[in-house]
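All of the numbers you see were taken from the coordinates with simple rules; none came from a lab. Every value quoted in this text rests on a predicted model; they were computed, and no experiment measured them. Here the Cβ positions follow ideal geometry from the backbone for every residue, glycine too, while neighbour counts run over all protein chains shown.
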Amino acid sequence: MQVGEMGRLEIKETFFISHGSPTLSIDESLPARRFLKSFREKVYGSAAPTAILIISGHWETSHPAVTAVSGPSPTIYDFYGFPAEMYQLKYPAPGAPELAERVKEILNASGLVRVDVDKKRGLDHGAWVPLMLMYPGADIPVCQLSIQTHKDATYHYNLGRALAPLKDEGVLILGSGATTHNLSKLRASRGHVSSVVDSWALDFDSWLKDALLSGRFEDVNEYEEKAPYGKVAHPRPDHFYPLHVAMGAAGQNAKAELVHQSWGLGTLSYSSYKFTAT
């Protein structure tokens, strides 16, 4: 992050955050919660971005879509059976209709002829849960971008590449998903903070770390063929594609850095990454 000509904020980094369980919103024992609460101080910096573009694994559409709420964003409780206090939480960040139009303009220019603008949809928990910890003041405009699970990882990487100019306009681009996300294999008996982790989850998480830190982004785009247990770690790609968007948005020859690593429920990785343009 730096200040460019005429004092305009320019951001060099993009991020992928593993948001894990919705209990991240209230569970003080989770290391990932403490990491996100310290994000501005230890990872990003104190200067606030002009706006945030967040890509969550919880919004799937046929075509790219962006939120363009005027006024405070509604808080969407897209989870079931959790403690009642979680349904009282609010994150009324202002919408970012101007950013939504800018995203549409950029994606149209890249060849995506249809980009929908949703003026009513609020923020799902993949967006508001991490953001309420990272920016608790809820005073930064937020625009959410959807994913297309019928497309592949390379498509989402290229989507990110197209959006890279937004960083020069002071926009913080965040992917929010999970490094491993197989709900059928969660081990509740091991607790929300796990020291014992299934071998397949460790193998995939380790492969991803090595690939990213070595700059093998093409391998990450082809993770289903090249990663150990790729389809086990992600039976559906919804929580992984936000990483590809963030990775692409950092720009060509970007460097990856692991900024957090912890485990929950025996198989759920909270590994999170920073991508920096070089």
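Between D124, D198, D116, the residue with the greatest mean-square fluctuation in the GNM of the chain (Cα pairs under 10 Å linked by springs) is D198. The Rg/Rh ratio of segment 72-164, with both radii computed over alpha carbons and Rh defined as the Kirkwood radius, is 1.01. A Förster radius of 25 Å combined with the Cβ-Cβ distance from K226 to L202 puts the calculated FRET efficiency at roughly 0.90.
In summary, the aspartates and glutamates within cross-link reach of K167, defined as a Cα separation below 16 angstrom excluding same-chain residues under 8 places away, comprise E5, E10, E13, E98, E101, E105. Comparing A127, A65, A48 in a Gaussian network model of the chain where C-alpha atoms under 10 Å apart are linked, the largest mean-square fluctuation is found at A48.
For the residue pairs K151/K231; K151/K226; K104/K255; K90/K120; K37/K231; K151/K185, the C-alpha atoms sit more than 21 angstrom apart in K104/K255; K37/K231; K151/K185.
The label point for T276 and the one for S38, both projected 7 Å from the Cα toward the Cβ, are 1.8 nm apart.
Pairs of Cα atoms under 8 Å, at least six residues apart: use those to get the relative contact order of the chain, whole percent. With pairs under 8 Å counted, the relative contact order is 30 percent. Per-peptide packing, taken as the mean over residues of other Cβ atoms within 10 Å, places 148-155, 230-237 in the sequence 230-237, 148-155 from highest down. GNM on the chain, alpha-carbon springs under 10 angstrom: the most fluctuating residue among S146, S18, S195 is S195. Estimated at 0.36 nm per residue, the fully extended path between H150 and S195 surpasses their Cα-Cα distance by 12.7 nm. So for the chain, Kirkwood radius off the Cα pairs, Stokes-Einstein at 10 °C and 1.306 mPa s: how many µm² s⁻¹? Value of D from the Cα-based Kirkwood radius: 86 µm²/s. The residues neighbouring W263, those whose beta-carbon lies less than 12 Å from its own, together hold a net charge of 0 under the Lys/Arg +1, Asp/Glu -1 convention. For the peptides 79-88, 251-260, residues were scored by their other Cβ atoms within 10 Å and the scores averaged per peptide; the highest-first order is 251-260, 79-88. Rounded to the nearest 0.05, what FRET efficiency do Q88 and S110 have when you use their Cβ-Cβ distance and R0 = 45 Å? Between Q88 and S110 the formula returns 0.65.
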